[in-house]
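**Student:** A single structure is presented below for examination.
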Amino acid sequence: MKLLLFLLALPLAAQTVTEALAFLEKAEKELLTASNYAQRASWLQATYINEDSETQAALANEKYIKTVLALSRQATRFDKLTLPSEATRKMRLIKLNLTMATPANDAESSELTKLTARMESTYGSGKYCRDAAADKGKCLDLVQISNIMAASRDPKELADVWQGWHRLGEPMRKDYSRFVELANKGARELGFKDSGAMWRSKYDLPPDEFAKEVDRLWAQIRPLYLSLHAYARTKLREKYGADVVPASGPIPAHLLGNMWGQSWENIYDILAPPNSTKAYDLSKILKDKKIDELEMVRYGERFFSSLGFAPLPKTFWQRSLFVKPGDREVVCHASAWDVDNDEDLRIKMCIQISEEEFAVIHHELGHNYYQRAYNKKPFLFRDSANDGFHEAVGDTIALSITPEYLVQIGLLDKATDPSGDIGLLMKQALAKIAFLPFGLMIDQWRWKVFSGEITPAQYNQKWWELRRKYQGIDAPDRGEEAFDPFGKYHVAANVPYTRYFLAHILQFQFHRELAKTAGCKTPLHRCSIYNSKEAGTKLNNMLEMGLSKPWPDALQAISGKREMDATAVLDYFAPLKKWLDEQNKGKTLGW
Ligand code: X8Z
Ligand code: ZN
């Protein structure tokens, strides 16, 4: 009897495995077609914001989501089969493919995709129109407001543009809560507890364990952040006075040189260590040398070329958006694209001539080189090992923008003296360490919004509780009508954010290992991997893996370790931590 069953089962099973493989082949073709279509529409929407492009983008996105959902349902037919490991992984990845699932109900599905397209356009065309009489009715867009946030040292003006921009959120709370409701419905129909649990399921770990992993990494970083925060508060208090900045409470959010207080590098002048100022100002060098937007991108490309990567395709230069056009609304928030999932690489940025944007260009190019490195993989593996990896690659390269590198490429005459390195490290910490609690709190907020723990009526109050808890920053007098989370691109455009928190740790792990490979003998912050083919090969080997293996395998390929680990961050900033702790003697830490 047993033998008979076995014999009967054999050809059947064989047939079914074949069926499963055929299903995957067909699925990947369908996904590729739907994805290419959605990307084209989305590019149009983001670079020509109007009713029509928004509608087309919503329709194309809906079509893509429906394709994934249909395939996810069909894939369950093969759940009980033992398949080759690659096929098993693909079956799982189909179900994990989406950032947003739509409900099966057609009306709700269309409502949801229209709603998200509308939210992104609203953000992209957002303005703050200052008092018409005083300012001749001039409206400021986010690029202009960001420049004021970076350069102004007038707390009244800073508070004014800060508040002005955040008015954008006021009418959006209802739309956002409806979006949450519908996206959760879609996620539940797909078998997840809610949209947040769906996001947390993408890390080759059970969702709750991933949340713990994030907490573990933050605990590693927190002492360093507290030191930086306390020092920044002291300096801002000296600058703006005791009635503006408290001695021991949270720092006012509008004084940090950035709309979200996510990067403090623009207030380096206020925080610069005495006697060890960073001896060059890259923003000024770029402007003095009349380096334009395109040339800034070429510097980025040349860096990757020096590692052994092929130049960017001609179409990259023809189709990218580098400069904010004057004749239409666009989504200026920087992004990198692979429109045909093959060779059609592009970036979309409203480039400003500044050191900060020079780093963002490298960030975006990192996405493009990653995309091209995995484009020979099957469609379902054409992504990064986890989303933090995608965000980390270009930043890793930007860590190699050292004084020595700037000398090599002719932007600096002479490398700065190591006696000023606390200044260099400070500048870097203001970008990277200041970012970490922000990178963490956005999704702490969203995970709770999706789970229902934070209700629409509490959106703003809980947002600020988390801002205080993690970042130690505060905004005065936020009224009931405020919906400040909407003032951040990734909330309005529904882009998960924990990826950036992870990336800010991973990039230091990558840098530490690539520095070793490149044979650097200097401290990490003085090491550039420029021109190191060995480092390039090591990086490329990891990039080429795409999403074909669990992320610990990819991490091992580049770093020899399987764990995310913030000690690389602590190593890099060790001299600064020591210095900060001396400055903070007798001062309160925390808030
Ligand atoms: O959104 C970005 C990139 C595009 S993926 C410019 N970043 C985050 C942000 O701006 O909020 C990079 C760092 C954090
Ligand atoms: Zn990015």
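**Student:** Could you list, in sequence order, the residues of the stretch 333-380 that are within 11 Å of ligand 1 (Cβ to nearest atom) and farther than 19 Å from ARG298 by Cβ?
**Tutor:** Within the stretch 333-380, HIS333, SER335 qualify.
Per-residue answers, yes or no, for (1) of a type outside the set (D, E, K, R); (2) more than 22 Å from the chain's Cα centre (by Cα); (3) modelled with pLDDT of 95 or more; (4) closer than 30 Å to SER53 by Cβ:
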{"site": "GLY126", "(1), (2), (3), (4)": "yes, no, yes, yes"}
{"site": "ASP141", "(1), (2), (3), (4)": "no, no, yes, yes"}
{"site": "ARG153", "(1), (2), (3), (4)": "no, yes, yes, no"}
{"site": "LEU182", "(1), (2), (3), (4)": "yes, yes, yes, yes"}
{"site": "GLY196", "(1), (2), (3), (4)": "yes, no, yes, yes"}
{"site": "GLU213", "(1), (2), (3), (4)": "no, no, yes, no"}
{"site": "ILE221", "(1), (2), (3), (4)": "yes, no, yes, no"}
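**Student:** Identify, by number, the condition in (1) surrounded by fewer than 18 Cβ atoms within 10 Å (Cβ to Cβ); (2) in contact with a Leu (Cβ under 7 Å, 6 or more places away or on another chain) that ALA151 doesn't meet.
**Tutor:** Exception for ALA151: condition (2).
**Student:** Exactly one of (1) over 21 Å from the mean Cα position of the chain (by Cα); (2) within 25 Å of THR47 (Cβ to Cβ); (3) among the charged types (D, E, K, R) is unmet by LYS290. Its number?
**Tutor:** The single condition LYS290 does not satisfy is (2).
**Student:** Identify, from the list THR102, THR82, THR113, the residue that is modelled with pLDDT of 95 or more, assigned to a helix (DSSP H, G or I) and hydroxyl-bearing (Ser, Thr, Tyr).
**Tutor:** THR113 is the lone residue from the list that is modelled with pLDDT of 95 or more, assigned to a helix (DSSP H, G or I) and hydroxyl-bearing (Ser, Thr, Tyr).
**Student:** Between LYS448, LYS469, which is closer than 26 Å to HIS390 by Cα, of a type outside the set (S, T, N, Q) and away from ligand 1 (no atom under 14 Å from the Cβ)?
**Tutor:** LYS448
**Student:** Could you tell me whether ASN460 is at positive phi and either within 15 Å of ligand 1 (Cβ to nearest atom) or out of contact with any Leu (no Cβ under 8 Å at 6 or more places or on another chain) (or both)?
**Tutor:** no
**Student:** Given the conditions (1) in contact with an Asp or Glu (Cβ under 8 Å, 6 or more places away or on another chain); (2) under 20 Å from PRO252 (Cα atoms), and given that HIS525 satisfies all but one, which numbered condition is not satisfied?
**Tutor:** Of the numbered conditions (1) in contact with an Asp or Glu (Cβ under 8 Å, 6 or more places away or on another chain); (2) under 20 Å from PRO252 (Cα atoms), the odd one out for HIS525 is (2).
**Student:** Another one. Starting from the stretch 273-294, keep only residues that are hydrophobic (A, V, I, L, M, F, W, C), then list their pairs with residues that are modelled with pLDDT under 95 whose Cβ atoms are within a distance under 6 Å, requiring at least 6 positions of separation or different chains.
**Tutor:** Matching pairs, first to second residue: ALA279/THR416; ALA279/GLY420.
**Student:** Still on this structure, I have one more. Can you tell me which residues in the stretch 295-331 are out of contact with any Lys or Arg (no Cβ under 6 Å at 6 or more places or on another chain), in contact (Cβ under 8 Å) with a residue 60 or more places away in the chain and within 16 Å of ligand 1 (Cβ to nearest atom)?
**Tutor:** MET296, VAL297, GLY300, LYS324, VAL330, VAL331
**Student:** If you don't mind, another one. In the stretch 513-591, which helices (runs of 4 or more DSSP H) lie fully inside it and hold 3 or more residues that are closer than 25 Å to VAL407 by Cα and over 21 Å from the mean Cα position of the chain (by Cα)?
**Tutor:** 533-545, 567-583
**Student:** Inside the stretch 312-428, counting only helices (runs of 4 or more DSSP H) that do not spill past its ends, which hold 2 or more residues that are surrounded by fewer than 19 Cβ atoms within 10 Å (Cβ to Cβ) and away from ligand 2 (no atom under 16 Å from the Cβ)?
**Tutor:** 314-319, 403-408
**Student:** For the stretch 448-495, enumerate the residues that are hydrophobic (A, V, I, L, M, F, W, C), touching a Gly at 6+ places or on another chain (Cβ under 9 Å) and surrounded by fewer than 22 Cβ atoms within 10 Å (Cβ to Cβ).
**Tutor:** ALA493
**Student:** Let me ask something else about it. Would you point out which residue out of GLU28, GLU51 is closer than 18 Å to ASN375 by Cβ, modelled with pLDDT of 95 or more and of a type in the set (Asp, Glu)?
**Tutor:** Matching residue, one of GLU28, GLU51: GLU28.
**Student:** Considering the stretch 440-498 alone, what residues qualify as being basic (Lys, Arg), assigned to a loop (DSSP other than H, G, I, E, B) and more than 24 Å from THR102 (Cα to Cα)?
**Tutor:** ARG478
**Student:** Run down PHE389, PHE381 and say which single residue is of a type outside the set (Lys, Arg) and over 16 Å from the mean Cα position of the chain (by Cα).
**Tutor:** Answer to the check: PHE381.
**Student:** Do you know which residues across the stretch 369-400 are under 30 Å from GLU28 (Cα atoms), in contact with a helix residue (DSSP H, G or I) (Cβ under 7 Å, 6 or more places away or on another chain) and not hydrophobic (A, V, I, L, M, F, W, C)?
**Tutor:** The answer is TYR369, TYR370, TYR374, PRO378, SER384, ASN386, ASP387, GLY388, HIS390, GLU391, GLY394.
**Student:** Looking only at the stretch 196-216, count how many residues are in contact (Cβ under 8 Å) with a residue 60 or more places away in the chain and farther than 23 Å from ILE454 by Cβ.
**Tutor:** 1
**Student:** Which is at pLDDT below 95 and either assigned to a helix (DSSP H, G or I) or over 26 Å from the mean Cα position of the chain (by Cα) (or both), of ALA70, ALA134, ALA57?
**Tutor:** ALA134
**Student:** Something else now. Filter the stretch 492-512 down to the residues that are without any contact (Cβ under 8 Å) to a residue 60 or more places away in the chain and either within 14 Å of ligand 2 (Cβ to nearest atom) or within 12 Å of the chain's Cα centre (by Cα) (or both) and list them by number.
**Tutor:** Result: TYR497, single match.
**Student:** If you check LEU168 against the conditions, is it closer than 30 Å to LEU142 by Cβ and of a type outside the set (D, E, K, R)?
**Tutor:** yes
The values are calculated or read from the model by the stated rules, or taken from the named source; none is laboratory data. In this text, all values refer to a predicted model and were calculated from it rather than measured experimentally. Neighbour counts are summed over all protein chains in view; Cβ atoms, including those assigned to glycine, are modelled from backbone coordinates with ideal geometry.
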